[in-house]
Amino acid sequence: MARIDSRKARRMMKQMGMQMDELGDVKRVILQSPTREIVIEGPMVTAINVQGQKMYQIAGGKVTERAPQAAQAPVEERKQVEVPDEDVLLVSQQANVSMEKARATLIQAEGDLAKAILMLQK
């Protein structure tokens, strides 16, 4: 296989519409999936632009793998449960607990009265 000097390689890349830039200020790259996270400390990252498509090449660095951190759902995805005072009173009386504890359990049970009462009785 013939070797190509870097100057000739850069010319060929320019003719093909490729542009490469090294990102020198990257300290850490984190690749996340639902089951794991791969953390690369001190990588060499190169951005490659080919006809408007941007790609990143990551090389080197210390690689560690860890379980993903528990991510909170975005604010718009979180369920806000409206708990009527009558429901709080009923759960409080049935489970023989304070109104505050009944309200908190109803919110945790997403407004389900029977589930909240059972949770408090256990």
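Assorted remarks:
- Test for Lys122: is it surrounded by fewer than 12 Cβ atoms within 10 Å (Cβ to Cβ) and more than 24 Å from the chain's Cα centre (by Cα): yes
- Flag for Ile107 being farther than 30 Å from Gln121 by Cβ and surrounded by 10 or more Cβ atoms within 10 Å (Cβ to Cβ): no
- Subset of region 34-54 (residues that are over 30 Å from Thr64 (Cβ atoms) and surrounded by 11 or more Cβ atoms within 10 Å (Cβ to Cβ)): Val50
- Within region 1-33, if we keep just the residues that are in contact with a helix residue (DSSP H, G or I) (Cβ under 8 Å, 6 or more places away or on another chain) and assigned by TED's automatic domain parsing to the domain that holds Gly60, the residue that is surrounded by the most Cβ atoms within 10 Å (Cβ to Cβ) turns out to be Met20.
The values are calculated or read from the model by the stated rules, or taken from the named source; none is laboratory data. Predicted, not measured: the structure shown is a model, and the values here were computed from it. A quick note on method: Cβ atoms are made from the backbone with ideal geometry, for glycine too, and the neighbour counts reach across all protein chains shown.
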